[in-house]
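Written out below as structure tokens is the structure these notes cover.
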Amino acid sequence: MDEGSMGSSHKRRALWLGPLQEQVPKRKSNRENLDRFIPNRAAMDFDFAHYMLTDGRKGKENPSVISPSREAYQKKLAEAFNMNRTRILVFKNKPSTPIDPIPKEFLSPSSPQTKPVKQRRHIPQSCERTLDAPDILDDFYLNLLDWGSSNVLAIALGSTVYLWDASNGSTSELVTIDDDDGGPVTSVSWAPDGRHIAIGLNNSHVQIWDYTVNRQLRTLSGGHRQRVGSLAWNNHILTTGGMDGKVINNDVRVRSHIVETYRGHHLEVCGLKWSASVQLASGGNDNLLYIWDKTMASSSAPRQWLHRLEGHTAAVKALAWCPFQGNLLASGGGGGDQCIKFWNAHTGACLNSINAGSQVCSLLWNKNERELLSSHGFAQNQLTLWKYPSMVKMAELTGHTSRVLFMTQSPDGCTVASAAADETLRFWNVFGTPEVAKPAPKAKLEPFAHVSRIR
């Protein structure tokens, strides 16, 4: 082996220090380590460089001459003018600072840029309470559940109307109407005052009760020939829908209570809802949806309805007017349709249609958020919460073992009660607790506002 090879072998052994030790890289010669740095003149502040090379050193050379207060002042001044730098040469440009289109000091507290991100609401998947509802009729075309403004829930079980007081959980029986007297009960609806309740019967009559004194006030008769399965209040006007296809407005204050009759349906009317703008929606077993205007109820009008909508292919029972958009109506179709449709009540146009996958029995809008709740029949018998207008499913609430025929909402809009053919009444905290509105800031008084002005 020649010397050249021995020398290189000796150098490799000198670099290897032993197992599990850090390997030291071979140092390059001085000539190889040289590099050249060229300052960037465009990025340099020549005024600051001149100051640092001349006047900037005077204070540091004679520190005893400067008083503490002057030193603190100079330090603050240097920070304000960005003069507390130490480097003179600059070798690269600094990245540019992003500029806000609107300075933060000009943004109000309610500005979208300063608004915190809203956390997603927790939706409980199980019901809060379950009550027995024996003998409830398994009939899709009836309306046997309603929650009044006085926080009392009414439910018809066979021939008896029961009241459940949500404030204390007490239950009482309002009335029992036997078959010989016109029973069973086919619909219930609270008046806006939360004191009076209308009860539709199988014999086409409607009874008005005052629940505070447990007394029947009057009976409305002569308008329908068959059972009254749907009811809707508009102040002192009680609208009734019957199996005879007629929709009748009854003024409960006067003896001759029939004031208007809407004709359009030729089968049972199973859904009625008044809007805040005095428009009435009616759905029937003839798969038709009508929108009526109270001003067009004159007998001399060639057609009484505002819109006749034929979009559904099954009975239309589920109806709900949007609380945040007055001309928006949601409707749901029966088992042969399974769709939720949205309508513009002014033009009659169908804005959207969603296949819910099962019979749509009832619809409720969230009063505090842009959400819609639907109840369904076979196969899951669930309640589905939808985000509007995207119609993305937010939650599916299960627990009922048969189709969820009826839903109603508490006066505060937080709790939903559902009654199903499985003879149970369930309460769901699906809409959450509404946010407490912050008080409006007090207006600032104008200077000398108390001084009388000369006009």
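At a probe radius of 1.4 angstrom, the accessible area of the stretch 240-390 per residue rounds to 38 square angstrom.
For the stretch 121-205, which whole percent of the accessible surface, found with a 1.4 angstrom probe, sits on carbon and sulfur atoms? That fraction is 41 percent.
In square nanometres, what is one fourth of the surface area of the convex hull spanned by the alpha carbons of the stretch 302-354? Write out the running numbers ahead of the final one.
Details: hull surface 16.0 nm².
Taking a quarter of the hull surface, the average projection is 4.0 nm².
Other residues within the sphere of radius under 11 Å centred on the Cβ of ARG227, judged by their own Cβ, net out at -2 (K and R +1, D and E -1). The amide H of SER149, built 1.01 Å from its N in the peptide plane, has GLY194 as neighbours under 5 Å, considering only residues 5 or more places off or on other chains.
With K and R counted +1 and D and E -1, the other residues having a Cβ less than 13 Å from that of GLU423 yield a net charge of -2.
Taking the alpha carbon gyration tensor of the stretch 330-399, what are the square roots of 5 times its eigenvalues, largest first, to the nearest whole Å? Kindly include the intermediate steps, with their values, before the conclusion.
On the way: eigenvalues 76, 47, 17 Å².
Largest first, the stretch 330-399 gives 19, 15, 9 Å.
Each Lys and Arg Cβ is given +1 and each Asp and Glu Cβ -1; about its Cα centre, the stretch 170-220 then shows a dipole of about 280 debye.
Under the combined filter of DSSP loop state and at most 15 neighbouring Cβ atoms within 10 Å, the stretch 235-325 retains these chymotrypsin sites (Phe, Trp or Tyr not before Pro): PHE324.
What percent does the relative contact order of the stretch 161-247 come to when contacts are Cα pairs within less than 8 Å and at least six residues apart?
Details: 183 pairs, mean separation 17.5, N = 87.
Normalised by residue count, the contact order of the stretch 161-247 is 20 percent.
Quick one: net charge around ILE248, please, counting Lys, Arg +1 and Asp, Glu -1 for every other residue with C-beta under 15 Å from its C-beta. Charge balance in the 15 Å sphere: +1.
Which percent of the accessible heavy-atom area of the stretch 225-377 goes to carbon and sulfur, probe 1.4 angstrom?
Numbers: 2610 of 5680 Å².
C and S atoms contribute 46 percent here.
With +1 on each Lys and Arg Cβ and -1 on each Asp and Glu Cβ, how big is the dipole of the stretch 245-345 about its Cα centre, in debye rounded to the nearest 20? Write out the running numbers ahead of the final one.
Details: 10 positive and 7 negative charges, 47 e Å.
Using Cβ point charges on Lys, Arg, Asp and Glu, the stretch 245-345 gives about 220 debye.
Could you give the dipole magnitude of the stretch 108-257 about its Cα centre, charging the beta-carbon of Lys and Arg +1 and that of Asp and Glu -1, in debye to the nearest 20? Numbers along the way, then the final one.
Numbers: 13 positive and 16 negative charges, 205 e Å.
Roughly 980 debye, rounded to the nearest 20.
Using 0.36 nm times the number of residues separating ILE123 and LEU351, minus their current alpha carbon distance, what extension gain do you get? It would help to have the intermediate numbers written out before the result.
On the way: separation 228, 0.36 × 228 = 82.08 nm, distance 2.78 nm.
Length gained, ILE123 through LEU351: 79.3 nm.
The values are calculated or read from the model by the stated rules, or taken from the named source; none is laboratory data. Just so we're clear, the structure is a prediction, and the values are computed from it rather than from any experiment. Using ideal geometry, Cβ is built from the backbone for each residue, glycine included, and neighbour counts are taken over all protein chains shown. Just so you know, the surface numbers come from the protein's heavy atoms only, side chains and all, with ligands and any DNA or RNA stripped out. Shrake-Rupley method; radii C 1.70, N 1.55, O 1.52, S 1.80 Å.
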